[in-house]
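This report concerns only the one structure given below.
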Amino acid sequence: MPRSVNRGLFYLAALAAWQALHLWGPWPSFLVPGPVQVAEALIAGFADGTFLIGIAVTMRRLLLGYALSLVLGTVLGLLIGRVRWMDDTIGSLLLGLQTLPSICWLPLAIIWFGLNERAIQFVVVMGAVLAIAIHTSDGVKNIPPIYVRAGRNLGARGPRLLTGIILPAALPAVLTGAKLGWSFAWRSLMAAELLFVSLGLGQLLMVGRELNDIAQVIAVMVVIIALGLLVDNLVFGRIERRMRRVWGLGAALPGRARGRRAA
Amino acid sequence: MAGISPNGAPKLSVRAVEKTFVNRQGVVSALGPLDFEIREGEFVCVVGPSGCGKTTLLNIVAGLEAPDVGDVIFDGKPVLGPGPDRIVLFQDLGLFPWMTVRRNIEFGLRLAGLGRVERRKRAAHYLRMVHLAGFHTSYIHELSGGMKQRVALARALAMDPVMLLMDEPFAALDAQTRDMLHAELQEIWSGTGKTILFVTHNVREAACLADRVVTMTRRPGRIKREFVVDIPRPRQIEDRDVGGLAARLREDLREEIEAVLLEERRRAKER
């Protein structure tokens, strides 16, 4: 309880400070709209449907691109983690490409695909797939070899060994990669939507700027934050909690699972 | 030659097997040349100083590693890879932490093509055998060391292998749990008639469990001597005859263990 009270008080104070800045700050107050105006912009945005359309368009792009990245990244990661020559070739290429911010792919994507959905999808995939593949391959390489030996001993070979043992054994790292991939996909998509206008939340941000409607800009930012939190808590948080419970990785008993292996 | 039953061919023959490893010191001869045989239904313990290649030998018999020289014949056929007829109970168990106890046991059965009902039945049967009925929905981290050991044993037995290969399975347990599992293992062995190859460095454990104990030399491990054990069963680890045999085994291994210690001391000094 005291934790949530703490948190509640903090956000109340932050809102008050924001309002104070709006009223008495050194800037003209239209440059710093207060929480009330932002709330009004939020309500208006949802009431006339523009935010809903923006969310729908953005989420559709994100989910499509992310789903593709998950499949591609996991398969690539498994291959790189298990096959030596794939690691030496594609593995090193991915590590190199990862240093490139994914939005840098946008010019190429526009030339290749034109100003359309596929160009945006391409940027999203390039943002997410590398992180997913690299984390998956790291996880696969770090699996305790005993799991693979035990799996082979019980008759697992080829694809059954991959899906039945190696992938689940690497799950903690795969999940980290999936989370990171999600946030990269989200960032890449926002950057792409800001740069090339065709619906979506990014476009709403730019429209707000063009109309000098700062309340709308902040309202859209609030929506973007809220969506991110929602997915983090509802999807990744839930999977992660379940994994911790199953594996016994909870904060309460970190020593037990490990101590036994060391003995 | 010891190991061949008067009434038939051996279940397992290891013939002129050798294994080398490459490490920082260069090419190291780890095992052999080594020959031995096991009859059907026999319980054989292999004891030897640490690093003598016992685990390597077990992995070779399991088909998880290939020998560099020589071959392993099981049931008249050369061993070319792992198979459900030879199941290993690993020293560090290899239970899958992302599965429940039941799914751990059913994993190999599913791969063997058993239907759901039959899998359930077998898992329940073997969990009862190791006195863990009721724990089928537990996750591995929720079990104590001895319980994990018994789940691993149940998982191995559920595969209904012809031969069980046990790699120091009780080394990490406290003495009371170990004694209890020794009793359970003897009971299961006499009830199922499995052929067992059991690797340990504990001479008392070997004397307590085996029909025949094979001692190994230090690296590269070879067969040093064989002891046929005719102490009546069931045996307890504190039985006088068991203690007497253990003393003979220890005496047999003494020079090997001393040589290993000397070698370790020499290497420590060089460093």
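Kindly indicate whether B:R150 is open to solvent by 10 Å² or more (accessible area, probe 1.4 Å), out of contact with any Lys or Arg (no Cβ under 8 Å at 6 or more places or on another chain), within 11 Å of chain A (Cβ to nearest Cβ) and not in a loop (DSSP other than H, G, I, E, B).
no
Just wondering, is there one or more residues in the range B:52-74 that are over 18 Å from A:G155 (Cα atoms), within 14 Å of another protein chain (Cβ to nearest Cβ) and either open to solvent by 10 Å² or more (accessible area, probe 1.4 Å) or among the charged types (D, E, K, R) (or both)?
yes
How about the range A:140-162: which of its residues are more than 16 Å from B:E106 (Cα to Cα), assigned to a helix (DSSP H, G or I) and more than 7 Å from chain B (Cβ to nearest Cβ)?
A:V140, A:K141, A:P145, A:V148, A:G158, A:P159, A:L162
Scan the range A:24-63 for residues that are of a type in the set (A, V, I, L, M), in contact with a helix residue (DSSP H, G or I) (Cβ under 6 Å, 6 or more places away or on another chain) and in a helix (DSSP H, G or I) and jot them down.
Those that are of a type in the set (A, V, I, L, M), in contact with a helix residue (DSSP H, G or I) (Cβ under 6 Å, 6 or more places away or on another chain) and in a helix (DSSP H, G or I): A:V38, A:A41, A:L42, A:V57, A:L62.
Since B:L197 meets every condition but one in (1) closer than 30 Å to B:E256 by Cα; (2) over 16 Å from the mean Cα position of the chain (by Cα), which condition does it not meet?
Unmet condition: (2).
Would you be able to say whether some residue in the range B:113-130 is at the interface with chain A (Cβ under 10 Å from one of its Cβ atoms) and over 22 Å from the mean Cα position of the chain (by Cα)?
yes
If B:L173 meets every condition in (1) surrounded by fewer than 22 Cβ atoms within 10 Å (Cβ to Cβ); (2) within 12 Å of another protein chain (Cβ to nearest Cβ); (3) not in a loop (DSSP other than H, G, I, E, B) apart from one, which number is that one?
It is condition (3) that B:L173 fails.
Got at least one residue in the range B:147-159 being out of contact with any Gly (no Cβ under 8 Å at 6 or more places or on another chain) and more than 25 Å from B:T56 (Cα to Cα)?
Among the residues of the range B:147-159, at least one is out of contact with any Gly (no Cβ under 8 Å at 6 or more places or on another chain) and more than 25 Å from B:T56 (Cα to Cα), which makes the answer yes.
If we scan the range A:33-53, do we find a residue that is of a type in the set (V, I, T), closer than 28 Å to A:V140 by Cα and without any contact (Cβ under 8 Å) to a residue 24 or more places away in the chain?
no
As an exercise: evaluate B:F90 against (1) free of Cβ contacts under 8 Å to residues at least 60 places away in the same chain; (2) within 14 Å of chain A (Cβ to nearest Cβ) and give the number of the one condition it does not meet.
So the condition that B:F90 fails would be (1).
Which pairs have Cβ atoms under 9 Å, sit 6 or more apart or on different chains, and link a residue in the range A:61-73 that is among the charged types (D, E, K, R) to one that is part of a helix (DSSP H, G or I)?
Pairs found: A:R61/A:E117; A:R61/A:I120; A:R61/A:Q121; A:R61/A:V124; A:R61/A:L189; A:R61/A:A192; A:R61/A:E193; A:R61/A:G200.
Could you check how many residues of the range A:204-249 are open to solvent by less than 100 Å² (accessible area, probe 1.4 Å), within 14 Å of chain B (Cβ to nearest Cβ) and assigned to a helix (DSSP H, G or I)?
The number of residues fulfilling the criteria is 5.
The values are calculated or read from the model by the stated rules, or taken from the named source; none is laboratory data. Every value quoted in this text rests on a predicted model; they were computed, and no experiment measured them. All Cβ positions, even for glycine, are placed from backbone atoms using ideal geometry, and neighbour counts span all protein chains on display. Accessible surface is based on the protein model in full, side chains and every heavy atom, while ligands, DNA and RNA are left aside. Shrake-Rupley method; radii C 1.70, N 1.55, O 1.52, S 1.80 Å.
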